[in-house]
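Written below as structure tokens is the structure these notes are about.
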Amino acid sequence: MHETPNWPTALAHIIRHHPDEALLYFCPEALRSMAERFQRGFDGLVTYAVKANPGEEVLANLVTAGLRAFDVASPAEMRAVRRVCKDAVLHYNNPVRSPDEVSVAVALNVASYSVDCEAELDKLGAVPKGTEITVRLALPVAGAAYDFGAKFGVCPARAVGLLQAVAERGFTPSMTFHPGTQCADPQSWGAYIKVVADVAREAGVALARLNVGGGFAAHRVGNAPDLEAIFDHIRAEVNTHFGPHAPDLVCEPGRAMVAEAFTLATRVKAVRADGSIFLNDGTYGGLTEARDIGCTDRMQVIAPDGTIRTGAPHARVVFGPTCDSLDRLPDPIPLPDDIKAGDYILFAGMGAYSRSLSTGFNGYGVGDPVTVQAF
């Protein structure tokens, strides 16, 4: 951790230290609150997708909040979870693996694997019989910032045979899907659930579990997503399409789980005559996702003494600190007309991917998290 003591707020730390590097402020209470929200609202097993933010403080606080199962995509993520919780249940839902990665997974007692073709199922010969193997389905469903189906997943017709093969080889058959990142439309889950039920029925296979994936949207722009509406719709659709023989449910939120637990603080390096600004962080650092899903509108500009800038908003081009001209936010963002060099821009809800995707290019990137009691 960057600081041993907890600071009352990010603002208090900024006023005291005037940090010149981009920093992530971490609020454990916000993370635990979201974990409790998922566990209270989702009618099934809640796991955490480690890829969103693999920080030790994140994993440890989720364990404290009651999570004991984690979605991992690599041996490195498996080991990161094991370091904070030796008996954690690991779900290896990256459907493409090397033989060496499978060996590590078996040694670490991974409990569940996903597959999207028979070639990947063939790689799991060393996995103990009875282990859960989930067939990953892909559909052309709209509603997400971008679709995951182009890379992973199998169409319904092929899913039937793959599910049968899983059962025939002595594994515990389940199914999974991912509606795509930053998805706020409950109907996206409903469309998948119906097809999953159809596939299982045609295959003649009773599903042990249905993993409804991640994709739950975080609060980036406008109003906060209604997660409870998604939870309720998932349960209603499962009841409708499976009836009394519904499989147990699993979800694997990453972005929605961790986003609100972190605020990104950047510093203004320069304000140019044309109104454009340069920050000490950009698209090679904590703001990487702005290139793909846009920048959050949840921003606050403060002076070094803590004064909040309240000038009229003016759309400005924002450049990052590196020597690459591509290091700029894709669209101008509204910032107060009284913004000055040395000010700080705080971006709320930045716990997902800001850290795991930061490159350190040109020596820039987000520093170690600073723990705060509140934002």
Crossing angle, helix 156-168 versus the chain [Cα axis fit, 0-90 degrees, rounded to tens]:
60
Measure out, as a whole number of angstrom, how far apart the alpha-carbon centroids of the stretch 332-375 and the stretch 49-76 sit.
22
Which order do the peptides 280-287, 367-374 come out in when sorted by mean C-beta neighbours inside 10 angstrom, highest first?
280-287, 367-374
Can you tell me how much longer the chain between residue 206 and residue 325 gets when fully stretched, taken as 0.36 nm per residue apart minus their C-alpha distance, in nm with one decimal?
37.4 nm
Quick check: pseudo-label points 7 Å beyond the Cα along Cα→Cβ at residue 87 and residue 223, how many nm apart are they?
4.3
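Hey, can you rank 50-60, 230-240, 344-354, 76-86 by average C-beta count inside 10 Å, highest first?
Listed from highest to lowest mean packing, they are 344-354, 50-60, 230-240, 76-86.
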Take the alpha carbon gyration tensor of the stretch 48-252, find the square roots of its eigenvalues, order them as a ≥ b ≥ c, and report rounded if a/c is under 1.5; if not, report prolate when a/b exceeds b/c, else oblate.
oblate
Is the C-alpha gyration tensor of the stretch 302-375 telling us rounded, prolate or oblate? Criteria: a/c under 1.5 is rounded; beyond that, a/b larger than b/c is prolate, otherwise oblate.
oblate
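Calculate, for residue 337 and residue 151, the FRET efficiency according to 1/(1 + (r/R0)^6) with r their C-beta to C-beta distance and R0 45 Å; round to the nearest 0.05.
Once rounded, the FRET efficiency stands at 0.55.
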Simple spin-label estimate for residue 362 and residue 68 in nanometres, 7 Å along Cα-Cβ
4.8
Cα long-axis angle, helix 28-41 against the chain (0 to 90 degrees, to the nearest 10)
30
Order by protection proxy (mean Cβ within 10 Å, highest first), peptides 101-113, 329-341:
101-113, 329-341
Report the extension gain between residue 129 and residue 96 in nm, rounded to one decimal, defined as 0.36 nm multiplied by the number of residues separating them, less their alpha carbon distance.
9.9 nm
Using the basic label-point model (7 angstrom from Cα toward the beta carbon), what is the residue 240 to residue 276 distance in nanometres?
5.0
Relative contact order of the stretch 43-161, defined on C-alpha pairs under 8 angstrom at six or more residues apart (%)
18
Once the dipole of the stretch 170-322 is set up with Lys and Arg at +1 and Asp and Glu at -1 on Cβ about the Cα centre, which of 293, 240, 270 lies farthest towards its positive end?
270
Per residue of the chain, what 222 nm ellipticity follows from adding -39500 (n - 2.57) for every DSSP H run with n ≥ 4, rounded to the nearest 500?
-8500 deg cm²/dmol
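Only the coordinates and a few stated rules stand behind these numbers; no lab work does. Just so it is clear, the model here is predicted, and its values are computed rather than measured. When we count neighbours, we look across all protein chains shown, and the Cβ atoms used for this are built from the backbone with ideal geometry, even at glycine.
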